[in-house]
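Since every read-out is calculated from the coordinates, none of them should be taken as a lab result. None of the values given here were measured: they were computed from a predicted structure. Every residue, glycine among them, receives a Cβ derived from its backbone with ideal geometry; neighbour counts consider all protein chains shown.
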């Protein structure tokens, strides 16, 4: 028995009269709480007070949702311009991770400046929490039957009902579970980042600021790599530029930024090591 083949997800978890509790909302809240818990556990390592984490987490959640929604609305403006009320219906899905990342980085910059903290240290606390949040949050796409991939005969293909199938794929029933691929990739990234932090903590070989640079650079590279790769099997409509889907462009930009940060950080580290040996 294959769970994905035989199970048809419902958007609604519980109905109590006119009140509906959506799976998407529950999963998003769980993802946010998990991310906040991870950030709290890393606060001391990056020399940030735990009380500041709650303040930061509040603004990250609020503006992360706003940024993710605005990004999706801009990409799908042809639809939302005709259905303005749907802009506020976030329980139906439509939260773009690239928008959340951009909004989150903006919040981190402002927060760091306001509290006179290193941006890199704050980012080092936030990014692993973001990764575990993505791993959990992607399951919301499954229950909403959205952002799935191309039709497939693979045994782990997911059933998509006719209402949620694109017109060009109306005759297909099973599709690639891209939510599952992205969830697993995010979980692996989370594990790698936590190992990275633990590794350098054991070596006592990185200051909080420098470690933060390595963490965020690693996230940008790994996230950009898998997120861009997922676009090759996705079928949702998105703008195309230079023959590439828009999310692939954004992922490539993140990978380039991450590569630059990593090269500069490791290059500086190597020069310091060489100079210390000369002394």
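The calculated FRET efficiency for the pair residue 184 and residue 33, based on their C-beta separation and a Förster distance of 25 Å, comes to about 0.75. Taking square-rooted eigenvalues a ≥ b ≥ c of the alpha carbon gyration tensor, is region 1-85 rounded, prolate or oblate, where a/c under 1.5 means rounded and, failing that, a/b exceeding b/c means prolate? Taking the square roots of the gyration eigenvalues as a ≥ b ≥ c, region 1-85 is oblate. Seen through its C-alpha gyration tensor, with square-root eigenvalues sorted a ≥ b ≥ c, the chain comes out prolate because a/c lies at 1.5 or above while a/b is bigger than b/c. The ranking of 109, 158 by Cβ neighbour count inside 10 Å, starting from the fewest, reads 109, 158. For the chain, adding -39500 (n - 2.57) for each run of n ≥ 4 DSSP H residues and dividing by the number of residues yields -21500 deg cm²/dmol at 222 nm. Which of rounded, prolate, oblate describes region 209-265, given a ≥ b ≥ c as roots of the alpha-carbon gyration tensor eigenvalues and a/c under 1.5 marking rounded, otherwise prolate only if a/b is larger than b/c? It is prolate, given that a/c is not under 1.5 and a/b is the larger ratio.
Principal-axis analysis of the Cα atoms of the chain puts helix 50-75 at an angle of about 50° to the longest axis.
Here the simple spin-label model places points 7 Å from the Cα toward Cβ, and for residue 169 and residue 105 these points are separated by 2.9 nm. The separation of region 244-261 from region 83-139, counted between C-alpha centres, amounts to 17 Å. Neighbour counting of Cβ atoms within 10 Å sorts the residues 22, 169, fewest neighbours leading, into 169, 22. To the nearest ten degrees, helix 97-114 and the longest principal axis of the Cα atoms of the chain are 30 degrees apart.
The long axis of helix 246-278 is offset from the longest Cα principal axis of the chain by roughly 20 degrees.
In this simple spin-label model, placing a label point 7 Å from the Cα along the Cα-to-Cβ direction at both residue 66 and residue 114 gives a separation of 1.1 nm.
Among 194, 240, 250, a tally of other beta-carbon atoms within 10 Å of each Cβ gives an order, fewest to most, of 240, 194, 250.
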